[in-house]
Amino acid sequence: MCLGIPGRIIKIDDVDKKLATVDVSGVRRQVNVACIVDNSNPIETCVGEWVLIHVGFAMSRIDEAEAAETLKILHELGEAQAEMEAMQASGLR
Amino acid sequence: MKYVDEFRDRDKARTLVKEIETLVGEIDIARERPIAIMEVCGGHTHSIFRYGLEGMLPKEIELVHGPGCPVCVLPMGRIDDCVAVAERPDVICTTFGDAMRVPGSRKSLLQAKAGGADVRMVYSPMDALALARKNPEREVVFFGIGFETTMPSTALTILQAEAEGIENFSVFCNHITIVPTIKAILDSPDMQLDGFLGPGHVSMVIGTDPYEFVAHYYKRPMVVAGFEPLDVLQSIWMVLKQIKDGRAEIENQYKRIVPKQGNNRALDAVFKVYELREFFEWRGLGSIEHSGVRIRDAYARYDAERKFAMPHLKVADPQACQCGDVLKGIIKPWECRVFGTSCNPETPLGALMVSSEGACAAYYQYGGIKKQAVAS
Ligand code: SF4
């Protein structure tokens with residue numbers, strides 16, 4: 001929750017609601033990108049970008065090297081596994 | 001230095017530790033007592049234990065593990081309130097995995113679930129809102145926790161619920177805010193801290209300006225730090241350098257993620273939806289002025305506390321628990337009477353044993369490396 005997890009935005013789902021699909025080490029899910037878009041960084045510029053995701057919200061754009069290093073550390077901390085399990089097992093049914 | 005080999009840049013880590021040793025040798029107070037540096041954020045605590053960073057540092061440095069794990073400081077009364085709501089037949093209670101295991105005075109949310117309450121783990125408050133869309137005949141309550149890192153997520157979810165006119169969704173807001181907490185720590189008479197590692201991802205949202213009082217008023221250095229092992233070591237070096245130079249400033253080691261002014265879109269949502277509470281109760285620390293937020297009147301219909309007329313139970317921490325003393329750095333986790341015996345990660349008594357960002361669980365998990373043993 002506090003450390004977040006890096007993912008790559010692969011498509012925009014809803015421009016008005018600011019929703020996009022991210023790929024987090026092969027797991028795909030929808031995230032909210034409201035915090036990383038504004039007039040000078042419109043939502044269309046997000047695709048292909050790496051972002052740091054906290055509880056389903058992209059909170060910061062990061063570069064690819066940073067994303068890779070962060071993922072490695074999260075795996076070592078055991079946080080990545082927990083985060084991705086939570087993403088997959090989310091109470092939706 | 002058995003853990004150092006795991007680092008990507010083990011040479012860099014060794015060099016940093018050497019430089020830290022040199023700096024410590026040049027700091028006068030280190031000859032009389034340890035230099036106490038608090039890492040405020042639970043993410044740092046986890047990283048420090050996982051990589052055995054404490055054991056690599058000279059014995060003149062004492063790391064004090066601060067209260068920056070939102071799961072660990074949830075008081076029993078708030079859990080009891082949430083359990084009471086979760087047990088209503090019309091309610092679907094949703095929360096993050098870790099929060100489900102925090103002990104209340106009667107039971108945890110997980111135990112409530114085992115007893116038949118509809119409690120579901122979600123990854124995101126957005127998932128809770130999706131459940132509300134799918135189950136219009138039920139009330140979906142999201143147990144919202146976290147510092148400023150996750151505050152924007154619940155604020156934006158409430159704004160989304162409003163935009164869609166969803167009425168069967170509410171948030172039980174337990175968000176806490178870091179600045180008053182650091183102030184309370186600095187005002188505490190039994191605390192002697194020489195500097196701080198500032199939280200990385202909270203600062204990504206609020207920026208570094210809100211910490212200026214730490215330097216100006218309390219004359220303590222603070223370095224906002226990333227959570228990779230090299231980040232932590234470098235930040236400790238930066239704190240020590242300030243101490244040696246006689247400076248007290250807010251420095252930013254984590255510039256690649258943390259902008260000085262924070263994230264404006266996130267802060268706008270937070271200010272729109274939340275306002276400060278006069279007081280908020282912390283497990284182990286008691287009541288801290290202005291340390292929590294609540295939902296503003298304009299969004300009252302999304303406020304679970306009002307929707308369900310919560311009793312606001314106040315429950316004292318269990319007698320055997322010494323979480324407060326650990327949080328304040330007065331004792332180390334293994335010095336707690338129940339550490340590893342009646343309090344362990346399977347059956348936590350205190351909240352510091354629940355999440356891997358809690359000091360007790362981290363010590364338990366990674367073997368509680370005692371500095372002396374490794375440094376020698
Ligand atoms: S061992 Fe358990 S009760 Fe003791 S301080 Fe740690 S979490 Fe609290």
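The values are calculated or read from the model by the stated rules, or taken from the named source; none is laboratory data. Since the structure is predicted, the reported quantities are computational estimates derived from the model, not experimental observations. Using ideal geometry, Cβ is built from the backbone for each residue, glycine included, and neighbour counts are taken over all protein chains shown. What goes into the accessible areas is simple: the full protein's heavy atoms, side chains included, and nothing from ligands, DNA or RNA. Shrake-Rupley method; radii C 1.70, N 1.55, O 1.52, S 1.80 Å.
Please give the charge dipole size of chain B, origin at the Cα centre, charges +1 on K and R Cβ atoms and -1 on D and E Cβ atoms. Round to the nearest 20 debye. Write out the running numbers ahead of the final one.
Numbers: 44 positive and 49 negative charges, 90 e Å.
In debye, rounded to 20, chain B gives about 440.
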For B:V122, what residues show an amide H to amide H distance below 5 Å, using hydrogens built from the backbone and excluding near sequence neighbours?
A:G91, B:T95, B:F96, B:G97
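For the protein assembly as shown, what is the percent of antiparallel DSSP beta bridges, rounded to the nearest 5? Numbers along the way, then the final one.
Values: 29 of 61 bridges.
The antiparallel proportion sits near 50 percent.
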Unpartnered cysteines of chain B (Cβ-Cβ under 4.7 Å counts as a partner)?
B:C41, B:C82, B:C93, B:C173, B:C321, B:C323, B:C336, B:C343, B:C360
How high is the relative contact order of chain B, in percent, with contacts defined as C-alpha pairs under 8 Å that are six or more residues apart?
23
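Express as a percent, rounded to the nearest 5, the fraction of DSSP beta bridges in chain B (both residues included) that run antiparallel. If you can, show how the numbers build up before the last one.
On the way: 8 of 39 bridges.
Bridges in chain B that DSSP calls antiparallel: roughly 20 percent.
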Whole-Å distance linking the alpha carbon centroid of the range B:230-270 with that of the range B:344-359 is 28
Taking beta carbons within 10 Å but only from partner chains, what does the mean come to for residues B:228-235?
2
What average count of beta carbons from other chains do you get within 10 Å of the Cβ of residues in A:49-60?
6
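Students often check this: by mean Cβ neighbours within 10 Å, which of B:203-210, B:319-326, B:121-128 ranks highest, and how do the rest follow?
Working: B:203-210: 21.8, B:319-326: 19.9, B:121-128: 25.8.
The peptides rank, most packed first, as B:121-128, B:203-210, B:319-326.
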Just list whichever of B:K12/B:K244; B:K183/B:K307; B:K12/B:K241; B:K12/B:K59 have alpha carbons separated by over 25 Å in the model shown.
B:K183/B:K307
What percent do you get for the relative contact order of the range B:1-101 when only Cα pairs under 8 Å and 6+ apart count?
26
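Going highest first, how would you order A:42-54, B:52-64 by mean Cβ packing within 10 Å? Please list the in-between numbers first.
Values: A:42-54: 18.3, B:52-64: 20.4.
Those peptides, ordered most packed to least, come out B:52-64, A:42-54.
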Principal axis dimensions, largest first and in whole angstrom, of the protein assembly as shown by Cα:
66, 53, 39
Distance in Å, no decimals, from the C-alpha centre of the range B:53-74 to the one of the range B:147-203 is 20
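Using a 10 Å cut-off on Cβ atoms, rank the peptides A:3-10, A:34-41 from the highest mean neighbour count down. Could you put the intermediate results ahead of the total?
Numbers: A:3-10: 22.1, A:34-41: 15.9.
Listed from highest to lowest mean packing, they are A:3-10, A:34-41.
Suppose we look only past 27 Å in the calculated P(r) of the range B:133-275. What percent of the Cα-Cα pairs does that tail hold? Don't skip to the answer; put the middle values down first.
Details: 3365 of 10153 pairs.
The calculated P(r) of the range B:133-275 puts 33 percent of pairs beyond 27 Å.
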Interface size between chain A and chain B, please: total buried accessible area, 1.4 Å probe, rounded to the nearest 100 Å².
3700
Env charge @ B:S355, Cβ radius under 9 Å, K,R +1 / D,E -1, value -1
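With charges set only on the Cβ (+1 for Lys and Arg, -1 for Asp and Glu), what does the dipole of the protein assembly as shown come to about its Cα centre, in debye to the nearest 20? Each step should come with its number before you reach the end.
Working: 53 positive and 64 negative charges, 125 e Å.
Taking the Cα centre of the protein assembly as shown as origin, the dipole is about 600 debye.
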State the volume of the convex hull built on the alpha-carbon positions of the range A:1-90, expressed per residue in Å³ and rounded to an integer.
83
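Determine the sum of side-chain charges near B:R247: Lys and Arg each +1, Asp and Glu each -1, restricted to other residues whose C-beta is under 12 angstrom from that of B:R247.
Numbers: positive: B:K219, B:R220, B:K241, B:K244; negative: B:D245, B:E249, B:E251.
Once positives and negatives cancel, what remains is +1.
Strictly over 23 Å apart at the Cα level, which of A:K18/B:K260; B:K113/B:K134; A:K18/A:K72 would you flag in this model?
Working: A:K18/B:K260 25 Å; B:K113/B:K134 20 Å; A:K18/A:K72 28 Å.
Too far apart for the 23 Å limit: A:K18/B:K260; A:K18/A:K72.
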Heads up, chain B by the C-alpha gyration tensor (a ≥ b ≥ c square roots of eigenvalues; a/c under 1.5 rounded, else a/b over b/c prolate, else oblate) looks prolate
Give, ordered by residue number, each residue of the range A:2-17 whose 1.4 Å probe accessible area is reduced by a minimum of 20 Å² on adding the remaining protein chains to the chain alone.
A:C2, A:L3, A:K17
The answer for the net charge of residues other than B:V83 whose Cβ lies under 9 angstrom from its Cβ, with Lys and Arg +1 and Asp and Glu -1, is -1
Interface residues, the range B:38-83 - accessible area loss of 30 Å² or more versus chain alone, probe 1.4 Å:
B:H46, B:R50, B:Y51
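Could you grab the relative contact order for chain A? Cα pairs under 8 Å, six or more apart, rounded to a whole percent.
It rounds to 28 percent for chain A.
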Could you tell me what percent of the DSSP beta bridges with both partners in the range A:5-89 are antiparallel, to the nearest 5?
95
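Across peptide B:351-360, what mean number of C-beta atoms from other chains lies inside 10 Å of a residue's C-beta?
On the way: counts 0, 0, 0, 0, 2, 4, 5, 0, 0, 0.
Mean partner-chain Cβ count within 10 Å for B:351-360: 1.
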